[in-house]
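Undergrad: Structure provided below as structure tokens; questions to follow.
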Amino acid sequence: MGTVSQLHAHVRPLAHRIQSEEEALQSARSLAARFAQQASDRDINRVLPYEEMEALSQSGLLGITTPSEYDGLDISNSILAEIIAILAEADPSIAEIARNHFYILEALRTDGGEEQKDVFFARALAGDRFGNALSETDTTRAGQDNIRLTPEGSGYRVNGRKPHAAGVLFADWIAIFAFDARDELTISLVPRGTEGIQIIDDWDGFGQRTSGSGTIILHNVYVNADAVLAHHTGFERPTTIGLVDQIIHAGIGLGIARAALAETIEFVKTSARPWMNSGVERAADDPLTIARIGQIAIRIEAATAMLERAGRKIDIAQINPTEEHVIDATLAVAAATTSTTDIAIEASNTLFELAGTSSTRIGLNLDRHWRNARTHTLRDTARWKYHLVGNYHLNGVTPPRNWKP
């Protein structure tokens with residue numbers, strides 16, 4: 001495995017080593033307080049969070065899912081989801097970058113060889129960031145890949161274009177998804193400075209504007225054989241690869257909802273005026289406003305509980321990945337993701353419903369919560385989760401084993 005370990009020159013100081021789940025939560029809260037200060041300015045001016053990402057790397061949080069046998073904390077998935085929610089409440093773009101990083105690490109845990117795990121988990125513990133080169137847009141359906149690895153000598157060559165590569169602008173390692181000669185899905189982990197890799201900063205979505213997404217163009221990139229993960233093996237048996245990705249996705253939605261509710265409460269208390277027929281002097285005393293705030297807060301609390309429950313079920317499935325445990329976790333995660341999708345959009349809509357016309361001023365940038373919610377939830381449509389759960393209960397159809405459960 002020496003080839004891989006020599007490819008990436010370590011340029012930053014080694015990350016802090018987090019020792020407990022309590023420390024991880026405290027670190028996330030401390031970083032979130034810092035990240036939130038300029039989050040609106042970063043969004044409205046599209047200032048990429050380079051300093052913030054370096055702070056996240058140095059904190060040690062990017063290594064918390066590393067298994068204990070590779071010197072990691074192997075944090076529970078409930079705590080992981082809460083950490084993501086804490087970061088997303090401050091800045092969901094940063095949380096989205098972390099989401100892709102943790103997906104790659106879960107794929108490594110499930111699909112990687114021992115030497116690959118030794119090398120790449122060590123890099124994660126050191127603070128390195130992993131980004132993906134996954135999506136392709138010139139395919140007939142979402143989630144399809146056309147790019148292939150071509151054998152050459154002891155390794156491979158890869159050519160193609162990967163748009164909307166989330167977090168790639170901040171990645172130290174790029175995970176290239178491609179099919180091999182046997183039409184089996186692989187992930188190649190290559191340093192961002194590898195010859196032939198071109199990264200274009202061209203993300204122009206109206207939400208999650210600073211998530212570091214871009215287009216990767218691969219010009220005859222050479223990949224060492226020992227840097228290739230057999231990703232297809234993770235879907236030939238019950239695993240938690242997609243479930244970890246999904247619960248992080250849900251954590252981001254929950255964080256957006258919390259941020260929208262906090263903004264709503266602050267604006268109603270300090271700036272909103274009561275409706276003319278409400279009979280009260282303060283918007284915060286309007287009984288309909290009070291009830292609506294309570295409704296959103298209760299739904300956020302319910303979503304939080306669902307996320308925690310789903311995390312515990314993923315823990316069980318990771319320890320004992322039987323078909324039964326993975327299905328049980330899949331159903332729980334589907335419930336959590338649909339719940340957080342709904343509340344993220346509802347809470348960000350309710351902000352304007354209760355705060356009134358003055359809250360729509362561009363300078364306040366309160367619309368960033370809705371834009372972030374709408375953009376994030378498009379990455380994983382809730383309607384298919386309802387179908388998945390309904391088809392299982394009604395027809396006994398096992399949820400599909402693919403990278404998106």
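The values are calculated or read from the model by the stated rules, or taken from the named source; none is laboratory data. Computed from a predicted model, the values in this text were never measured in an experiment. Heads up, the Cβs are rebuilt from the backbone with ideal geometry, glycines too, and the neighbour counts pull from every protein chain shown. Surface accessibility is based on the protein's heavy atoms, side chains included, excluding ligands, DNA and RNA. Shrake-Rupley method; radii C 1.70, N 1.55, O 1.52, S 1.80 Å.
Undergrad: Just one of Leu351, Leu388 is of a type in the set (A, V, I, L, M) and at pLDDT below 95; which is it?
TA: Working: Leu351 fails: at pLDDT below 95.
None of the other options fit; the residue is Leu388.
Undergrad: I would also like to ask the following. Can you tell me which residue is farthest from Ser78 (Cα to Cα) among those in segment 284-309 that are surrounded by 19 or more Cβ atoms within 10 Å (Cβ to Cβ) and aliphatic (A, V, I, L, M)?
TA: Ile296
The rows are residues; the columns are (1) outside any helix (DSSP H, G or I); (2) among the basic types (Lys, Arg); (3) buried (at least 20 other Cβ atoms within 10 Å of the Cβ).
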{"position": "Gly311", "(1), (2), (3)": "no, no, yes"}
{"position": "Pro321", "(1), (2), (3)": "yes, no, no"}
{"position": "Ala336", "(1), (2), (3)": "no, no, yes"}
{"position": "Asn349", "(1), (2), (3)": "no, no, no"}
{"position": "Trp384", "(1), (2), (3)": "no, no, no"}
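Undergrad: Also, quick follow-up: For segment 366-400, give me the residue count where each residue is of a type in the set (Lys, Arg) and under 18 Å from Glu323 (Cα atoms).
TA: Number satisfying all stated conditions: 0.
Undergrad: Select from segment 368-382 the residues that are at pLDDT 95 or above and either open to solvent by 60 Å² or more (accessible area, probe 1.4 Å) or in a loop (DSSP other than H, G, I, E, B) (or both) and list them in ascending order.
TA: Scanning segment 368-382 gives Trp370, Arg374.
Undergrad: Could you identify the single residue in Gly167, Gly153 that is modelled with pLDDT under 95 and out of contact with any strand residue (DSSP E or B) (no Cβ under 6 Å at 6 or more places or on another chain)?
TA: Details: Gly167 fails: out of contact with any strand residue (DSSP E or B) (no Cβ under 6 Å at 6 or more places or on another chain).
The conditions single out Gly153.
Undergrad: For segment 52-85, name all the residues that are open to solvent by 20 Å² or more (accessible area, probe 1.4 Å), in a helix (DSSP H, G or I) and not hydroxyl-bearing (Ser, Thr, Tyr).
TA: Within segment 52-85, Glu52, Glu54, Gln58, Glu69, Ile79, Glu82 qualify.
Undergrad: Among the residues in segment 271-283, are any open to solvent by 10 Å² or more (accessible area, probe 1.4 Å), aromatic (Phe, Trp, Tyr), farther than 22 Å from Ser76 by Cα and in a helix (DSSP H, G or I)?
TA: Checked against the condition, which is being open to solvent by 10 Å² or more (accessible area, probe 1.4 Å), aromatic (Phe, Trp, Tyr), farther than 22 Å from Ser76 by Cα and in a helix (DSSP H, G or I), segment 271-283 yields no hits at all.
Undergrad: Would you please list the contacts, defined by Cβ atoms under 6 Å and residues six or more apart or on different chains, that run from a residue in segment 60-77 that is touching a residue at least 60 places away in the same chain (Cβ under 8 Å) and farther than 18 Å from Gly113 by Cα to a residue that is part of a helix (DSSP H, G or I) and open to solvent by 10 Å² or more (accessible area, probe 1.4 Å)?
TA: Gly63/Leu125; Ser76/Asp315; Asn77/Asp315
Undergrad: Restricting to segment 175-232, name every residue that is over 27 Å from Arg109 (Cα atoms) and touching a Pro at 6+ places or on another chain (Cβ under 7 Å).
TA: Within segment 175-232, Gln208, Thr210 qualify.
Undergrad: Hand me the list of strands (runs of 3 or more DSSP E) wholly inside segment 86-203 holding 1 or more residues that are of a type in the set (D, E, K, R) and either open to solvent by 30 Å² or more (accessible area, probe 1.4 Å) or touching a helix residue (DSSP H, G or I) at 6+ places or on another chain (Cβ under 7 Å) (or both).
TA: On the way: elements: 130-133, 149-152, 155-165, 173-179, 185-191, 197-200.
The strands (runs of 3 or more DSSP E) meeting that bar are 149-152, 155-165.
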